[in-house]
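Working notes for the structure below.
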Amino acid sequence: MREDNDVGQVLAEICEAAAALILPLWRSGLTVTHKADESPVTEADKRGEVLILERLAARFPDIPVISEEDASEFGTPDAIGPRFFLVDPLDGTKAFVRGDPNFTVNIGLIQDGRPVAGAVSAPPSGETWYTQMGGVLKRTRGGPSAQVRVRPWPKGEAIALVSHTMKDETIQKLIAEYGFDHREPMDSSIKLCRIAEGSADIYPRHGPTMEWDVAAGHAVLEAAGGTFLTPEGEPFGYGKADAGFRNGWFVARGG
């Protein structure tokens, strides 16, 4: 297989193919069903995952894959090796169902508990962010790629990206803890990409996520100069098979 510096480009192409498949299904009145944990799932999630799994198998046949819909139906493995992909074919399904544009396609490569390559595509806007040669490139609708990077913390103007459902009292506690000035509600891993490109500054997540929700965005953010750590400032690891690949809290920051 290619070196990790080049894997991001391949993952970007796969994400964009899945995004092209998913986009016509957005706002099309798809039937919404619910998984065992009551989270929504649509035909877009399922079709996107099939495409991604087929293309990963063709390009990287020796690397195992853990993907959201497969894990929901069949469960997660009891153990995983040091190198594997994490796939979320449609992160932000609730936004997708509402007709909001902030949903993404995500593929991250994990090596020894750390994300070493990743790509994220946003179907409605046509944006794709991906790791390459130690940095992050962004392109829109197949256009030319340009490098992006986090911005320095803008004192007095720092923007936090938060959940739509977050209560005001919780936001006030986060402001006191992290010192941001403005907040913008947003769904999905696109929050990590907005920080990576210097459009926002912090995403404090004091709540549950799964590894496939954040692995690709984590790879992108770190490659763009940001950090993705526990609230205590410790490294954030992957491959938590004993916990069903569930995450603890984290804080994603720009410069």
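Would you kindly identify the strands (runs of 3 or more DSSP E) lying entirely within region 28-141 that contain at least 3 residues that are among the aliphatic types (A, V, I, L, M)? Give the steps one after another, and end with the answer.
Numbers: elements: 65-67, 83-91, 104-111, 114-122, 127-132, 135-140.
Here the list reads 83-91, 104-111, 114-122.
Could you please find all residues in region 173-188 being touching a residue at least 40 places away in the same chain (Cβ under 8 Å) and closer than 12 Å to Arg253 by Cβ? Show your work before the answer.
Start the filter on region 173-188 by keeping residues that are touching a residue at least 40 places away in the same chain (Cβ under 8 Å), which leaves 178, 186-188.
Tyr178 - this is the single residue of region 173-188 that is touching a residue at least 40 places away in the same chain (Cβ under 8 Å) and closer than 12 Å to Arg253 by Cβ.
Could you check how many residues of region 143-172 are free of Cβ contacts under 8 Å to residues at least 60 places away in the same chain and either farther than 20 Å from Asp187 by Cα or outside any loop (DSSP other than H, G, I, E, B) (or both)?
Residues flagged as free of Cβ contacts under 8 Å to residues at least 60 places away in the same chain and either farther than 20 Å from Asp187 by Cα or outside any loop (DSSP other than H, G, I, E, B) (or both) within region 143-172 amount to 18.
Residues to consider are Pro124, Pro154; find the one that is under 30 Å from Glu234 (Cβ atoms) and over 13 Å from the mean Cα position of the chain (by Cα). Quick ask: steps written out before the conclusion?
On the way: Pro124 fails: under 30 Å from Glu234 (Cβ atoms).
None of the others qualify; the one that does is Pro154.
Taking the conditions exactly as written (buried (at least 20 other Cβ atoms within 10 Å of the Cβ), at negative phi and among the aliphatic types (A, V, I, L, M)), does Leu229 satisfy them or not?
Working: buried (at least 20 other Cβ atoms within 10 Å of the Cβ): no; at negative phi: yes; among the aliphatic types (A, V, I, L, M): yes.
Spelling it out, it is not the case that Leu229 is buried (at least 20 other Cβ atoms within 10 Å of the Cβ), at negative phi and among the aliphatic types (A, V, I, L, M).
Take Pro101 and decide whether it is in contact (Cβ under 8 Å) with a residue 40 or more places away in the chain, outside the structural domain of Trp212 (by TED's automatic domain parsing) and either under 22 Å from Leu221 (Cα atoms) or touching a Ser or Thr at 6+ places or on another chain (Cβ under 9 Å) (or both).
So Pro101 fails the test.
Could you check region 80-92 and list, in sequence order, the residues that are without any contact (Cβ under 8 Å) to a residue 60 or more places away in the chain and under 13 Å from Glu68 (Cβ atoms)? Can you show your working first?
Residues of region 80-92 without any contact (Cβ under 8 Å) to a residue 60 or more places away in the chain: 81, 83, 85.
Hit for region 80-92 is Phe85, nothing else.
The values are calculated or read from the model by the stated rules, or taken from the named source; none is laboratory data. Since we're looking at a predicted model, the values are computed, not measured. Note: ideal-geometry Cβ built from the backbone for every residue, glycine included; neighbour counts use all protein chains shown.
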